[in-house]
Amino acid sequence: MQYIRPRTAAEVSHLLMTGDGGARIMAGGTDLLVQLRSGMIAPKAIVDIKGLDGIACITPEDGGWRIGAAVSGQRLGEHEHVRAIWPGVVEACELIGSTQVQGRCTMAGNLCNGSPAADSVPALIAAGAVARIEGPDGAHDCAVEDIPEGPGKTSLRKGEFLSSVFLPGRPAGAADAYLRFIPRTEMDIAVASAAVNIELARDGTIRLARIALGAVGPKVVLVQDAANAIIGSKLEDPALKALARACEAACNPIDDKRGTAEFRTTVAGVLARRAARIAMTRAKERAGENP
């Protein structure tokens, strides 16, 4: 097995194109190393992308923030500006693994792993985050929700890799939240999860919303009907009930030893309601800080 540390995106893409499917990207490596040690994969080459310019940086851009693919969960959690405007995204990323894992794991790796139970992915999708993809034809941008295609599968083509994620700027009266249910108190994967992102109008009603669910289907799902249920409301009980019903209708989970399909469906609606309330409280607080 070769270990290669290229310096440019073009080099990375070339290695992936010529590797006959035997090259694997390493950013944080927390999933990659587990797969290697368990014998799940046996790549011919490990392509370490941490030598690329900006790959481990958090950079302001167009009022938002560009998060390099090698930015760890710990570094993201310590960034006060990103945490202030995207608390739900940060808290979702901070749920990946243990304290030790947080020092290495990345949102980009969590996304590219293709798990429907990934913690950061629902929050990124609810945030309207955009991934930058590097490949043989150069760079292009892609909505995060267009990347997962199923368990362990993504839309990335041969020679492509994810170099950064862009979190857009937002007005004062906007906020997000992420919640999950796990059987244990920590270090587990979601049985069901929900991320809610809202933006308030001047009268305190919800002007815009995005809601995403995890672990309730083959991939994380953006639920437009759930967003429509609360737009124009102040999260009164009828709106919250409609939100929960829309989330339940969007679920297509499996039965397994961690939870039945019925249980996952019900919990998804409950989590979405709770996350919406948290996001609403945060949005009001931000509006009050910057009227």
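The values are calculated or read from the model by the stated rules, or taken from the named source; none is laboratory data. Model, not experiment: these values are computed from the prediction. Every residue, glycine as well, gets a Cβ built from its backbone with ideal geometry; the counts of neighbours run over all protein chains shown. Ligands, DNA and RNA are excluded from the accessible area calculation, which covers all protein heavy atoms including side chains. Shrake-Rupley method; radii C 1.70, N 1.55, O 1.52, S 1.80 Å.
Scanning the range 147-164 for residues that are assigned to a loop (DSSP other than H, G, I, E, B) and out of contact with any Cys (no Cβ under 8 Å at 6 or more places or on another chain) yields Pro151, Gly152, Arg157, Lys158, Gly159, Glu160.
Within this structure, Arg264 passes the test of being touching a residue at least 40 places away in the same chain (Cβ under 8 Å), closer than 28 Å to Ser115 by Cβ, in contact with a Cys (Cβ under 8 Å, 6 or more places away or on another chain) and outside any loop (DSSP other than H, G, I, E, B). Is it the case that some residue within the range 195-212 is under 30 Å from Lys50 (Cα atoms) and surrounded by fewer than 23 Cβ atoms within 10 Å (Cβ to Cβ)? Within the range 195-212 (the criterion being under 30 Å from Lys50 (Cα atoms) and surrounded by fewer than 23 Cβ atoms within 10 Å (Cβ to Cβ)), the answer is no, since none of the residues qualifies. Just to be sure I understand the filter: pairs with C-beta atoms under 7 Å, separated by 6 or more residues or on different chains, first member in the range 200-222 and touching a residue at least 60 places away in the same chain (Cβ under 8 Å) and of a type in the set (D, E, K, R), second member part of a loop (DSSP other than H, G, I, E, B) and surrounded by 15 or more Cβ atoms within 10 Å (Cβ to Cβ). Which pairs pass? Here the result reads Arg210/Gly128; Lys219/Pro116, each pair linking the range 200-222 to a residue that is part of a loop (DSSP other than H, G, I, E, B) and surrounded by 15 or more Cβ atoms within 10 Å (Cβ to Cβ). Selection over the range 56-108 of residues that are surrounded by 22 or more Cβ atoms within 10 Å (Cβ to Cβ), over 21 Å from Met280 (Cα atoms), among the β-branched types (Val, Ile, Thr) and modelled with pLDDT of 95 or more gives a count of 3. Of the residues making up the range 121-152, just one is under 17 Å from Ala70 (Cβ atoms), surrounded by fewer than 23 Cβ atoms within 10 Å (Cβ to Cβ) and not hydrophobic (A, V, I, L, M, F, W, C), namely Arg132. Regarding Ala118, is this residue in contact with a Phe, Trp or Tyr (Cβ under 9 Å, 6 or more places away or on another chain), buried (at least 24 other Cβ atoms within 10 Å of the Cβ) and at pLDDT 95 or above? No, not satisfied. For the subset of the range 213-253 comprising residues that are in a strand (DSSP E or B) and farther than 25 Å from Ala172 by Cβ, which member is most open to solvent (accessible area, probe 1.4 Å)? Of everything passing the filter in the range 213-253, Val221 is most open to solvent (accessible area, probe 1.4 Å).
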